[in-house]
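Read through the structure below, which is laid out as C-alpha cells, and then see the notes.
The values are calculated or read from the model by the stated rules, or taken from the named source; none is laboratory data. The model shown is predicted, which means the values in this text are computed figures rather than measured ones. When we count neighbours, we look across all protein chains shown, and the Cβ atoms used for this are built from the backbone with ideal geometry, even at glycine.
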Amino acid sequence: MPSADHLLLHHHGHHHILLLLLLGFPSLLRAQLDYPSANLSTIWTNDPSQLPRTVSFEDGSQVRSILLRRSPNFFGPTFACGFYCKDACTSFLFAVFAVYTNSGGGITMTNLAPPQVVWSANRDRLVGTNATLHLTAGGDLILRGADGTAVWSAGRSVVGMNITESGNLVLFDQDGKLVWQSFDHPTDSLVLGQTLKEGERLAANTSMTNWTRGQVYLTILSDGLYAFADSTPPQLYYQNTITGIKTTKNSTYIKYLNGSLAMFTQFGTPDESISLPVALSL
C-alpha cells in the first residue's frame, strides 16, 4: 500500500514539482537571485547591517552591493554597483565594479579576483560609514555623507534605475527612455561597448591608495587620441591621430570593442584600431 506521503505527492502534482525544485534542483532557484533594478523612494545606507550583500576580499577591499546584474553565462565577470572600500575601509566610493559570481548571483572568488572599479561618483569626495544613496520620490539619485551633505547627484527626473550586463548604470523615465547613464561620465576605465567621446577624459587615480583624480589623462580631440600630463600648459606624451580625413568638431570618438580601441570619424567608419589585450584602464 502506498504511503501517505506518496499519496499526497500523487494527488498534488504541482506541490511535487515545487518540492523537487526546492530539494533536488536548488540551482534553478538560485540562478534567479540577481537584483538589477530599483524604484523610486529607495534609500540605501552604507552599513553592513543594512546592506546584507557585503563581501570582503583577501586584498583588503570590500563591496556592499546595491544592484547586481548576473552574467548571462552564470559564471564569469558580473557588474554591480554599491559602496566600495579598501584596506581600513574608513572611506568609500559609490561605484560600479566588476566581480565574479556563482550561478545564484553570490559574489565569489574573494581570494583570486578582487573587485575592479570601472566607474565612481565624485571620487574627489569620498564618503564614510552611514553615508546614503537615495533614489528620491522626485526622481533624483543623490549620494550624501553621513552628515547629510550632498556629495553627488545625477540631477535628473526619473522613475527607476538599472545596472546592465555591460556595466552601465542607467536611470530611465516612465516610458523606459534612458535619461542618464554612467557610460556618459567615464572616470578611469572603459568597458566593452563603451565609448569615449571628443572632449571627454579618462583620468587616472592619483595612486593605488588615493582615488582622487591624478594628473595623467587620456582624451579625444577632433583629430585623434591623446594622452597628457595635466599641467599649465598640458604636457603631451602620446598621440594617435587620424590622417588624410577631414573631421568636424565633436565627431570623433573611440569605442572599446573586442579587446581593441576602434577610432571613428563623423562617418561612423573605423579609421584605425589600437590593439589592447584587456579593458583600457589608466
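Observations, loosely collected:
- Long-range neighbours under 7 Å by Cβ, at least six apart or interchain, first residue under 24 Å from Gly128 (Cβ atoms) and acidic (Asp, Glu) within region 28-57, second at pLDDT 95 or above and assigned to a loop (DSSP other than H, G, I, E, B): Asp47/Thr129; Asp47/Asn130
- Test: residue in region 189-197 that is under 17 Å from Phe94 (Cβ atoms) and either in contact (Cβ under 8 Å) with a residue 60 or more places away in the chain or outside any loop (DSSP other than H, G, I, E, B) (or both): yes
- Any hit, region 129-144, residues being at pLDDT below 95 and under 17 Å from Leu261 (Cα atoms): no
So that you can scan it fast, the table gives a plain yes or no per residue for (1) surrounded by 12 or more Cβ atoms within 10 Å (Cβ to Cβ); (2) among the aliphatic types (A, V, I, L, M):
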site	(1), (2)
Glu200	yes, no
Ala204	yes, yes
Ser207	no, no
Leu218	yes, yes
Phe228	yes, no
Ile242	yes, yes
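- Scanning region 147-197 for residues that are farther than 25 Å from Ser71 by Cα, crowded, with 18+ Cβ neighbours inside 10 Å and either among the acidic types (Asp, Glu) or in contact with an Asp or Glu (Cβ under 7 Å, 6 or more places away or on another chain) (or both) yields Ala154, Val158.
- Any hit, region 181-198, residues being within 26 Å of Asn122 (Cα to Cα), over 21 Å from the mean Cα position of the chain (by Cα) and at pLDDT 95 or above: no
- Residues of region 76-115 that are under 21 Å from Trp44 (Cα atoms), hydrophobic (A, V, I, L, M, F, W, C) and more than 17 Å from the chain's Cα centre (by Cα): Cys89 alone.
- Restricting attention to region 160-184, the residues that are out of contact with any Lys or Arg (no Cβ under 9 Å at 6 or more places or on another chain), in a strand (DSSP E or B) and closer than 18 Å to Ser41 by Cβ total 3.
- Among (1) surrounded by fewer than 23 Cβ atoms within 10 Å (Cβ to Cβ); (2) over 18 Å from Ser166 (Cα atoms), the one test that Ile66 misses: (2)
- When residues of region 143-159 are limited to those that are part of a strand (DSSP E or B) and out of contact with any Gly (no Cβ under 9 Å at 6 or more places or on another chain), the one farthest from Ser91 (Cα to Cα): Ser153
- Selection from region 98-141 of residues that are free of Cβ contacts under 8 Å to residues at least 12 places away in the same chain and part of a strand (DSSP E or B): Thr108
- Evaluating Thr206 against the criteria (1) closer than 24 Å to Glu165 by Cα; (2) among the β-branched types (Val, Ile, Thr); (3) modelled with pLDDT of 90 or more leaves one unmet condition, (1).
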